[in-house]
Amino acid sequence: MLPVTRTRWLGGALVIAVLSLLSACGGMFQSEKRGLPPTEQTRSRVQQTLATGWNAASLGGASFAEAMVARSGGRAKGILLVGSFARTFSEENGDKPGEPLPHFYYDEWLGVWVQVEENGSGARMLLYEDEERTKPAGVIESTYPENPDTYPQTYRYRYEILAGWRAGSRGEHVVTVHSETASSMQYEYQEGDGSQGRGSSRWDERGGEWSNRYESADGFWSEDSGVFSVDGSGRTQSANSLGYRSRFEYRPDGSGEGVIEGPDPGLPATITWTADGRMTIRWADGTVEEFNLWEVWTGDGEGETEPGGSG
């Protein structure tokens, strides 16, 4: 039996990645419709801009968490990463301490049956649609250095999924651990819906930076980048095919502020958020709306917006 600790990232592993939901812009420009109230299209596009940047930032920021696990040396047997899904093989089962994960099981996060194999330089998950293992559904595999005491170290993750919840997904992530305090990652992926992305990130004892590009099957694209310090302060910038550009600054206590500009009514809009997750958007006509940052991120609850008057 293969003992295992299971670690999953759903939408981002780090607080920095969570805050980066507000991933934003560089190069500012003025809306030709300044002073007009926002339309439903404006609100929808602003939400799409924020959500896309948030997700992309999560992928970039995850390299720090991956490198931390990779550096566990003899305790870690491998990392299997598929976009927002990740599983870490180590000395014990994190879900049920003391109990190993069976070699063959049904994975509720992928929606397929999984056969786990391991060798001296990596781990592999053979996927099947059926418990009888007669219908292959892809593979997820990782390779890692046999000697964890020398640098640089390279950890490579490749996946191709043919069935289940992530059918049509494929990609590759390469994490390089340069030293005890420095790592970097490059990745590219494609989803079953035709969307795709690529990016890179770098982290060391002072902080890190990331950049990425996302493209959907319908032609929408978004480019994001950011720089953060270990105290949580930093800045992000982004641009997308909707003509939106924005810039945000982050404070160590988790609060921050920024601006989104674009061609639609209601812009430019200023956005501020507090350390406890309350976000305020002031539209170009002076009206104000308030959001719960974490509800927007998770999609929980109705009434995600609460009109706050016309400050």
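Return yes or no: is PRO152 over 21 Å from TYR105 (Cα atoms) and touching a residue at least 40 places away in the same chain (Cβ under 8 Å)? Full working, then the answer.
Numbers: over 21 Å from TYR105 (Cα atoms): yes; touching a residue at least 40 places away in the same chain (Cβ under 8 Å): no.
No; evaluated as a whole, the condition is false for this residue.
Can you say whether GLY266 is modelled with pLDDT of 90 or more, in contact with a Phe, Trp or Tyr (Cβ under 6 Å, 6 or more places away or on another chain) and farther than 30 Å from ASP231 by Cβ, as far as the supplied structure shows? So that I can check it myself, show each step before the final result.
Working: modelled with pLDDT of 90 or more: yes; in contact with a Phe, Trp or Tyr (Cβ under 6 Å, 6 or more places away or on another chain): yes; farther than 30 Å from ASP231 by Cβ: yes.
Yes; evaluated as a whole, the condition is true for this residue.
Just name the residue that is nearest to LEU127 (Cα to Cα) out of those in segment 156-165 that are part of a strand (DSSP E or B) and modelled with pLDDT of 90 or more. Walk me through it before giving the result.
Narrowing segment 156-165 to residues part of a strand (DSSP E or B): 156-161.
This time we only want the ones that are modelled with pLDDT of 90 or more, so: 158-161.
Numbers: ARG158: 13, TYR159: 10, GLU160: 9, ILE161: 8 Å.
This residue is ILE161.
Restricting to segment 140-155, give me the number of residues that are in contact with a strand residue (DSSP E or B) (Cβ under 6 Å, 6 or more places away or on another chain) and surrounded by 15 or more Cβ atoms within 10 Å (Cβ to Cβ).
Residues in segment 140-155 being in contact with a strand residue (DSSP E or B) (Cβ under 6 Å, 6 or more places away or on another chain) and surrounded by 15 or more Cβ atoms within 10 Å (Cβ to Cβ): 8 in total.
So if I check each of GLU191, GLU108, GLU205, which one is within 28 Å of GLN237 (Cβ to Cβ), modelled with pLDDT under 95 and surrounded by fewer than 16 Cβ atoms within 10 Å (Cβ to Cβ)? Before the answer, list the steps.
Details: GLU191 fails: surrounded by fewer than 16 Cβ atoms within 10 Å (Cβ to Cβ); GLU108 fails: within 28 Å of GLN237 (Cβ to Cβ).
GLU205 is the lone residue from the list that is within 28 Å of GLN237 (Cβ to Cβ), modelled with pLDDT under 95 and surrounded by fewer than 16 Cβ atoms within 10 Å (Cβ to Cβ).
Check whether at least one residue in segment 199-206 is under 30 Å from ARG251 (Cβ atoms), part of a strand (DSSP E or B), touching a residue at least 24 places away in the same chain (Cβ under 8 Å) and among the aromatic types (Phe, Trp, Tyr), and report yes or no.
Yes; the residues of segment 199-206 include at least one that is under 30 Å from ARG251 (Cβ atoms), part of a strand (DSSP E or B), touching a residue at least 24 places away in the same chain (Cβ under 8 Å) and among the aromatic types (Phe, Trp, Tyr).
Only one of ARG158, ARG124 is farther than 14 Å from PHE104 by Cβ, out of contact with any Leu (no Cβ under 6 Å at 6 or more places or on another chain) and among the basic types (Lys, Arg). Can you tell me which?
Of the residues listed, the single one that is farther than 14 Å from PHE104 by Cβ, out of contact with any Leu (no Cβ under 6 Å at 6 or more places or on another chain) and among the basic types (Lys, Arg) is ARG158.
Can you report the number of residues in segment 166-176 which are buried (at least 23 other Cβ atoms within 10 Å of the Cβ) and either modelled with pLDDT under 90 or closer than 18 Å to THR154 by Cα (or both)?
2
If I filter segment 119-152 down to residues being in contact with a Gly (Cβ under 8 Å, 6 or more places away or on another chain) and not in a strand (DSSP E or B), which single residue comes out as modelled with the highest pLDDT?
Per the stated criteria, the residue is GLU129.
Of the conditions (1) in a loop (DSSP other than H, G, I, E, B); (2) within 14 Å of the chain's Cα centre (by Cα), TYR214 clears all except one; give me its number.
Failing condition for TYR214: (1).
Which strands (runs of 3 or more DSSP E) sit wholly inside segment 232-288 and have at least 1 residues that are of a type outside the set (S, T, N, Q), in contact with a Pro (Cβ under 8 Å, 6 or more places away or on another chain) and buried (at least 21 other Cβ atoms within 10 Å of the Cβ)?
Ranges flagged: 256-261, 269-273.
Can you pull out every residue in segment 30-44 that is within 16 Å of LEU242 (Cβ to Cβ) and at pLDDT 85 or above?
Residues satisfying the conditions are PRO38, THR39, GLU40, GLN41, THR42, ARG43, SER44.
The values are calculated or read from the model by the stated rules, or taken from the named source; none is laboratory data. A quick note: this is a predicted structure, and the numbers were derived from the prediction, not measured. Virtual Cβ from ideal backbone geometry, glycine too; neighbours counted across all protein chains shown.
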